[in-house]
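One structure is given below, encoded as C-alpha cells.
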Amino acid sequence: MTTGIVPFASPAACGGDPFVETPVAYDALLLASFGGPEGQDDVLPFLRNVTRGRGIPDERLEAVAGHYRHFDGVSPINQQNRELLAALEAELARRGIDLPVYWGNRNWEPYVEDAVARAAADGHRTLLGLATSAYSSYSSDRQYREDFARALIETGVGEGDDPVTIDKVRLFFDHPGFVEPFYEGVREAVEGYLADGLAPEQIRVLFATHSIPTDDANLSGPRDREWPEGGAYAAQHTAVAEHIMQRLAQEVSAASRVGWDLVYQSRSGPPTQPWLEPDVNDRIAELPGEGIRAVAVTPLGFVSDHMEVMWDLDNEAKESAEDVGLAFVRTRTPGSHPAFVSGLVDLIEERLHGTPVSERPHMTDLGPWYDVCRPGCCVNARIGAKPAAAGLEQ
C-alpha cells in the first residue's frame, strides 16, 4: 500500500485531492466488469458468487437462474466485454498509446484478482482501472474499488518495496461519449413514432435503470453534497435524461411535447425492503390511462445489452406493453459504439495527461465527477465499509 491518505493509489492520487491534474505514467489498464456464466453448469456457481455472504439458498437462486437458462446458460456480458476490450485496444493503438489492457470480473472468470496478478507478473506497477459502470452506487462504484483493493491484498502485489497501485477513471455518466448512443436511440425511436403518425403527446420515453435499496441509494455520492431522495444515483440518471430530452426538443420538431420518466427494474430484495420506484412494468401499465400509445424504453443505467436488459426489458417490459396495447421500442446501449469507445479513451488520456478539471467534458451540471472518491461515498448500508482503492477512507 502506498503512503498517503488514499490507500493503494499512485503517488499523484494518494494525497486525496478530488481531481488529479498532474500527468501519471500508467503502464497498464484494468478493465473491470460484473462477469457472467458461459454455460448451464456455470449458472448456479455464478449466482452464488453474486450473492455471497447473503445466505440465499439455491432454490431461490433458481428463480433467477431461469433467466440465464433461457439463453442456454450464457450471459452476453463476457462477449460484450471481449468486444469492448478489442475496440479499446484498437483505439489506443490508433492514438499511439502503448497501454496493455487486462480484463477481470467480479463474479466470474476471468476474475479481477487474476487480471491484477497477470499485470504484476508482466512487470506493470501503476494501473488505471476502468469499470463498466457509469453511476454512483455501492455495486456500480464502490464495490469495484473494493474489488481492486481485495485483489491487491489477496495477491500480495500491493505490498512491499515496489507495490502495484490502482487508480480509477472517473464515473462517466455524463461524458458525451456515453450519452451519445442513448441520445441517438431516443431520437430514432421518437422520430419513428412521429413518422407513423402519432402525436408527440402520445409518446413516452422511459429511462430505465437498475433499482437498488432506497437506503443504499441515499448513501450514493459524497456526503459533503446535498442530494434529493435517491441520492447521487437518482440525481445522475435524472440529469442525463433531462439533457437528452432537452437536446431532443431542440433538434426534433414537436419533441418538446414528448414526456418522459425515470423508471427502475430488476429489484431483487424482500418485499419489506424499500427499493427505488416506480418499476418499469408498473409505469407501463399506467400509461394508456394517460393517453399514451407508444413507449420507448431506454436502458440508461446499462453499458451493454447484458442479461437484465435482454430479459427484464426485451421480454418482461415488452410483454407489459403488449398487454396494454402500447407500441414498444427498446433503444440501444453504448456497447462498443465508436463514440463510447472514443470517450473511454478520452477519459484514460485525462489521467495520463492530468487534464485540468476545467477542460474535462461533461453534459450535466453534476460533472465532471471526481477522480478520487470522497469520504462516505457509496457505502453499503447493510455491510458498511470495506477496504477500497481510489477513494478517501471514512
*Have a look at Arg283, Arg332, Arg293 and point out the one that is in contact (Cβ under 8 Å) with a residue 60 or more places away in the chain and out of contact with any helix residue (DSSP H, G or I) (no Cβ under 7 Å at 6 or more places or on another chain).*
Arg283
*Out of Ala296, Ala327, Ala317, Ala321, report the one residue that is surrounded by fewer than 22 Cβ atoms within 10 Å (Cβ to Cβ) and of a type in the set (A, V, I, L, M, F, W, C).*
Ala327
*If you go through the stretch 40-77 one residue at a time, how many are in contact with a Ser or Thr (Cβ under 7 Å, 6 or more places away or on another chain) and either modelled with pLDDT under 90 or on the phi > 0 side of the Ramachandran plot (or both)?*
0
*Is there a residue in the stretch 187-195 that is more than 12 Å from the chain's Cα centre (by Cα) and free of Cβ contacts under 8 Å to residues at least 12 places away in the same chain?*
yes
*If you go through the stretch 275-319, how many residues are assigned to a loop (DSSP other than H, G, I, E, B) and of a type in the set (A, V, I, L, M, F, W, C)?*
6
*Is it fair to say Tyr111 is surrounded by fewer than 22 Cβ atoms within 10 Å (Cβ to Cβ) and of a type in the set (Phe, Trp, Tyr)?*
yes
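Quick check: is even one residue across the stretch 29-40 more than 18 Å from Glu350 (Cα to Cα), surrounded by fewer than 22 Cβ atoms within 10 Å (Cβ to Cβ) and in contact (Cβ under 8 Å) with a residue 40 or more places away in the chain?
Yes; the residues of the stretch 29-40 include at least one that is more than 18 Å from Glu350 (Cα to Cα), surrounded by fewer than 22 Cβ atoms within 10 Å (Cβ to Cβ) and in contact (Cβ under 8 Å) with a residue 40 or more places away in the chain.
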_strands (runs of 3 or more DSSP E) within the stretch 76-169 that include 2 or more residues under 18 Å from Asp371 (Cβ atoms) and touching a Phe, Trp or Tyr at 6+ places or on another chain (Cβ under 7 Å)_ = 126-131, 165-168
*If you go through the stretch 47-75, how many residues are buried (at least 18 other Cβ atoms within 10 Å of the Cβ) and part of a loop (DSSP other than H, G, I, E, B)?*
2
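The values are calculated or read from the model by the stated rules, or taken from the named source; none is laboratory data. Not measured: the values here are computed from a predicted model. Counting neighbours? That spans all protein chains shown, and the Cβs are built from the backbone with ideal geometry, glycine included.
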